[in-house]
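Below is one structure, written out as structure tokens, with a few remarks after it.
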Ligand SMILES: Cc1cc2nc3c(=O)[nH]c(=O)nc-3n(C[C@H](O)[C@H](O)[C@H](O)COP(=O)(O)OP(=O)(O)OC[C@H]3O[C@@H](n4cnc5c(N)ncnc54)[C@H](O)[C@@H]3O)c2cc1C
């Protein structure tokens, strides 16, 4: 229910020349993305930065309004920094470290997300999703103004599609009537009720949680601390849970668990919402409602995220309950994973089979997110008398027995997936630290300013070879890049003298290390020294290309 | 030691059993269930070994009919 609309028409409908083409000769595009939500925009920017022309279609003409994501993880900030939006997110976002858990009217414990040193980005920021989408949409427009072929079309609703072996044909409805357009590759980022998924009659299976949540964003002037407060069974919402979380602009996110049998229409009426919030905040706090809605949550996933020429990313592929903030954070990792693979396939540098690794890697990521958010939801919304009994037993013990604290689950905050089983992983030297093993995203590292100040500012967007405390043998190419099978690998040289945290994060007890890094900043393979043919083999593995047999000189 | 000890291991079995019943004595059925749940959590944490705990879960589960109603 819109109470204070934020919507702006960021990408109003404009007629495209593609709409004037003869029915028999529709335009054909290399990539069409359906959905300009956070995930569609992220993939679009990543592809555009790699030189791929992209058309983005959205039935709306501006960013979505309402209460959606507010917590963005470090990994999301790292990915969006690579794409040029990270600093805005960081500047506007609210940082928080302390969480408090209450039961009835008592605090039962507090935790601190103790900021680990040596990362450019905090573990989490809070920021309204409409800001994130606004920054991404502005970045799309900025890149387009600078010459990228990035065409964001508002007021374009996909209503039909036909899949062929080597392209997809879409029927679009616009205020000027329908038109047809074709794409070599279609990326469906059209959200949890994906039109593309239904048109293709694909399953979206999982679990609906029998519970309702009232989600309110309120503006208060009060000086509440920047913390996350979670209540089990509070006096103002007996038998249920509640959450209070800070966002920028003095906006606070309030979640009230409501139970299953409720009148969804009635609970969101201001005369019913306001007394609830007053009871929570106390009588002296003045506030205004920005947005109120009721949600039922589910955890669902498609069985496969690649269907030949159609790729599903974000909520269209998988949906999670918001406990743990894994929806958009997971989807941004989909985008990060997909863009470089599709760009290499389109450039003819990798086989289409590389896209199957998008499916397997990101399904693993989604499975982890679904597992974690299902467990949190089961704790918050016990599904049977016995699960409530154990939940309450944990809460009863928490104050006296520290062991019970880690059992309290009000959401496990999103961490990036480590693709341990990925077919793209190459050699590993187990003497190197486990946190940076093949499949893992790089762990950030402060660098001297001359080297780019942070490792994750230097890394990504292309294949790289991270060479630490090591000299590349004199007979090997010494420049800043070398080429393997048409793919440039950029060399990044570091030493533990100028980047001391490289020791615990990348070397462990080893004297030196060489890491092959994928364009999405995940580790592909690693060794303790440079070996050209091993690097070549690992690169081939990382792009799903069968390697020539190694002809290693003896 | 990753094996659940299923041999007799308590010094005074009758005393232990009486103590357990005495603990439940003042409680109604719902409170007894709550107490048992806490005992499971406390003892499992003390054991601290998932393999052993899994064997205990299996033993308890296999010796319990799916439904306690007998017809
Ligand atoms: C209450 C709540 C709290 C949340 N909190 C968090 C959080 O803290 N952290 C987090 O990471 N995630 C959170 N999420 C999840 C997050 O909001 C979603 O994961 C995210 O919006 C998914 O982005 P998307 O781009 O995949 O899809 P969407 O944001 O749903 O975007 C889909 C787009 O596709 C367009 N579209 C749909 N159909 C068509 C069509 N036929 N033709 C053209 N266009 C179409 C729509 O107009 C829309 O713009 C929360 C969600 C809710 C509801």
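Please treat every number below as a calculation from the coordinates, not as lab data. Predicted, not measured: the structure shown is a model, and the values here were computed from it. Cβ sites come from the backbone with ideal geometry, for glycine too, and all protein chains shown count toward neighbours.
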So for chain B, what are the equivalent ellipsoid semi-axes in whole Å, largest first, each being the square root of 5 times an eigenvalue of the Cα gyration tensor? 22, 18, 14
Per the rule of 0.36 nm per residue minus the C-alpha distance, extending residue A:471 to residue A:450 adds in nm 5.6 nm
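Over the protein assembly as shown, what is the percentage of antiparallel beta bridges among all DSSP beta bridges, to the nearest 5?
Here the antiparallel bridges make up roughly 70 percent for the protein assembly as shown.
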From the Cα centre of the stretch A:461-488 to that of the stretch A:64-91, the distance in Å is 32
Mind listing the Cα extents of the stretch A:291-340 along all three principal axes, in Å, largest one first? 39, 20, 19
So for the pair residue A:401, residue A:272, with labels modelled 7 Å out along Cα→Cβ, what separation do we get in nm? 4.0
Please give the helix A:385-398 orientation as an angle from the longest Cα principal axis of chain A, in degrees from 0 to 90, rounded to the nearest 10. 90
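Does the stretch A:434-542 come out rounded, prolate or oblate, given a ≥ b ≥ c as the square roots of the eigenvalues of its C-alpha gyration tensor, rounded meaning a/c under 1.5 and, failing that, prolate meaning a/b above b/c?
In terms of gyration-tensor shape, rounded.
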With a point put 7 Å past each Cα toward its Cβ, work out how far residue A:387 is from residue A:22 in nm, to one decimal. 6.0
Give me Rg over Rh for the stretch B:6-46, both radii from the alpha carbons and Rh done the Kirkwood way, two decimal places. 1.03
Globularity ratio of the stretch A:308-441, using Cα Rg and 2.2 N^0.38 Å: 1.33
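When Cβ neighbours within 10 Å are restricted to other protein chains, what is their mean count per residue of peptide B:34-42? Mind showing how you got there, number by number?
Working: counts 5, 2, 2, 10, 9, 1, 2, 9, 5.
Per residue, the average neighbour count from other chains is 5.
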For helix A:354-380, report the angle its Cα long axis makes with the longest principal axis of the Cα atoms of chain A; keep it between 0 and 90° and round to the nearest 10°. 20
Inter-label distance for residue B:14 and residue A:532, nm, one decimal - labels placed 7 Å from Cα along Cα-to-Cβ: 8.5
Paramagnetic label zone (point 7 Å from Cα along Cα-to-C-beta, residue B:42; backbone N under 14 Å) in the stretch B:1-22: B:19-22
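How big is the stretch A:124-217 by the Kirkwood estimate over distinct Cα pairs, in Å?
The answer is 16.7 Å.
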What is the calculated FRET efficiency for residue A:159 to residue A:296, with r their C-beta to C-beta distance and R₀ = 25 Å, to the nearest 0.05? 0.40
So between residue A:493 and residue A:420, what do we pick up on full extension, going 0.36 nm a residue minus the alpha carbon distance? 23.7 nm
Need one number for the protein assembly as shown: average projected area of the convex hull over its C-alpha atoms, nm². 36.6
Stretchable slack from residue B:30 to residue B:5, in nm (0.36 nm times residue separation minus alpha-carbon distance): 6.0 nm
Rh (Kirkwood; distinct C-alpha pairs) - the stretch A:1-114, Å: 18.1
Residues A:42, A:174, A:434 arranged by fewest to most Cβ contacts within 10 Å: A:434, A:174, A:42
How many percent of the alpha carbon pairs in the stretch A:206-296 exceed a separation of 15 Å? 58
Relative to the longest principal axis of chain A, what angle (0 to 90°, nearest 10) does the C-alpha long axis of helix A:38-49 take? 20
